[in-house]
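These notes concern the structure reproduced below.
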């Protein structure tokens with residue numbers, strides 16, 4: 001029986017030891033109640049796995065994100081993240097190119113600044129994203145890690161009372177790994193809660209999110225990632241974002257990972273964008 005009853009994510013791994021007991025979602029009234037119970041169990045499983053796995057490996061992830069707003073609907077972006085293992089000094093780098101299209105209206109919020117935006121604006125209910133990722137290990141010119149990826153995302157935004165925003169993201173990835181470019185696929189689901197606070201001319205958006213990864217190489221959900229952080233806009237052109245990321249991966253050589261992520265956002269817009 002798939003864990004949490006999420007059949008579309010494929011088979012979930014059973015907990016090690018302790019018999020055949022597996023967390024599952026009992027039927028409840030309404031899809032909203034079922035969804036919240038499932039998400040709570042997802043976070044609970046990640047936390048109990050972290051406690052059992054012991055001391056995590058520690059990394060630092062600096063990143064620069066460039067954004068070009070073409071219109072209220074269209075946006076282009078380029079991300080340059082680098083990951084560094086603090087204990088071993090092993091480094092990986094990526095180049096990510098993306099194109100976004102947003103559409104649809106929401107009812108509870110007229111204007112809000114999202115965590116990856118530089119100003120408040122009318123929020124679209126849906127967003128589709130196409131992207132490319134190229135990655136490699138930096139100190140050995142790709143011998144330890146090489147990846148080429150094409151991905152597609154769909155974001156759905158659900159405003160909640162109190163100007164709290166709940167968003168869902170489904171992401172599909174086609175991956176070519178290693179020197180021989182072995183092909184595999186990966187599916188990811190993420191939920192996120194965020195809320196904007198204003199202090200004078202400064203906008204602060206704290207957020208938390210959780211994400212599950214299904215990898216076709218293992219035919220199971222092998223990775224769970226939990227993130228908490230905040231973005232701060234200092235001017236129309238620049239914003240900074242800091243978060244703490246915890247990752248539990250049953251198939252990685254690093255089972256438990258704790259990372260500090262520091263991101264500098266730089267925003268550009270065409271003359272036609274209001």
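Which residues, taken from segment 99-137, are within 16 Å of the chain's Cα centre (by Cα) and farther than 30 Å from residue 84 by Cα? Please lay out each step first, then the result.
To start, the set of residues in segment 99-137 that are within 16 Å of the chain's Cα centre (by Cα) comprises 100, 114-117, 127-133.
Once the filter is applied, which keeps residues that are within 16 Å of the chain's Cα centre (by Cα) and farther than 30 Å from residue 84 by Cα, segment 99-137 yields 127, 128.
Filter segment 167-194 down to residues that are at pLDDT below 95 and in contact with a strand residue (DSSP E or B) (Cβ under 8 Å, 6 or more places away or on another chain) and give me whichever is surrounded by the fewest Cβ atoms within 10 Å (Cβ to Cβ). Working first, answer last.
Taking segment 167-194 as the starting set, the residues that turn out to be at pLDDT below 95 are 178-181.
Now narrow it down to the ones that are in contact with a strand residue (DSSP E or B) (Cβ under 8 Å, 6 or more places away or on another chain): 178-179, 181.
Details: 178: 12, 179: 8, 181: 11.
Filtering segment 167-194 for residues that are at pLDDT below 95 and in contact with a strand residue (DSSP E or B) (Cβ under 8 Å, 6 or more places away or on another chain), the one surrounded by the fewest Cβ atoms within 10 Å (Cβ to Cβ) comes out as 179.
How many residues does segment 218-245 hold that are surrounded by fewer than 19 Cβ atoms within 10 Å (Cβ to Cβ) and touching a helix residue (DSSP H, G or I) at 6+ places or on another chain (Cβ under 8 Å)? Give the steps one after another, and end with the answer.
Restricting attention to segment 218-245, the residues satisfying the condition of being surrounded by fewer than 19 Cβ atoms within 10 Å (Cβ to Cβ) are 218-219, 226-228, 230, 232, 234-238, 240, 242, 244-245.
Subset that is touching a helix residue (DSSP H, G or I) at 6+ places or on another chain (Cβ under 8 Å): 226.
Total meeting the criteria: 1.
For residues in segment 248-273 being without any contact (Cβ under 8 Å) to a residue 60 or more places away in the chain and closer than 24 Å to residue 87 by Cα, which is surrounded by the most Cβ atoms within 10 Å (Cβ to Cβ)?
Taking segment 248-273 first, the residues without any contact (Cβ under 8 Å) to a residue 60 or more places away in the chain are 249, 251-253, 271.
Filter again for closer than 24 Å to residue 87 by Cα, leaving 249, 251-253.
On the way: 249: 18, 251: 13, 252: 13, 253: 6.
Checked segment 248-273; the qualifying residue surrounded by the most Cβ atoms within 10 Å (Cβ to Cβ) is 249.
Right, residue 116: closer than 26 Å to residue 240 by Cβ, in contact with a strand residue (DSSP E or B) (Cβ under 8 Å, 6 or more places away or on another chain) and assigned to a loop (DSSP other than H, G, I, E, B) or not? Working first, answer last.
Values: closer than 26 Å to residue 240 by Cβ: yes; in contact with a strand residue (DSSP E or B) (Cβ under 8 Å, 6 or more places away or on another chain): yes; assigned to a loop (DSSP other than H, G, I, E, B): yes.
Answer is yes for this residue.
So residue 145 clears everything in (1) in contact (Cβ under 8 Å) with a residue 40 or more places away in the chain; (2) at positive phi except one condition, right? Which one?
(2)
Which ones in segment 90-113 are over 30 Å from residue 253 (Cβ atoms), modelled with pLDDT of 90 or more and buried (at least 18 other Cβ atoms within 10 Å of the Cβ)?
Looking only at segment 90-113, we keep the residues that are over 30 Å from residue 253 (Cβ atoms), and these are 99-113.
Filter once more, keeping what is modelled with pLDDT of 90 or more: 99-104.
Hits for segment 90-113 are 100, 102.
The values are calculated or read from the model by the stated rules, or taken from the named source; none is laboratory data. Keep in mind the model is a prediction, meaning the values are calculated, not measured. Every residue, glycine among them, receives a Cβ derived from its backbone with ideal geometry; neighbour counts consider all protein chains shown.
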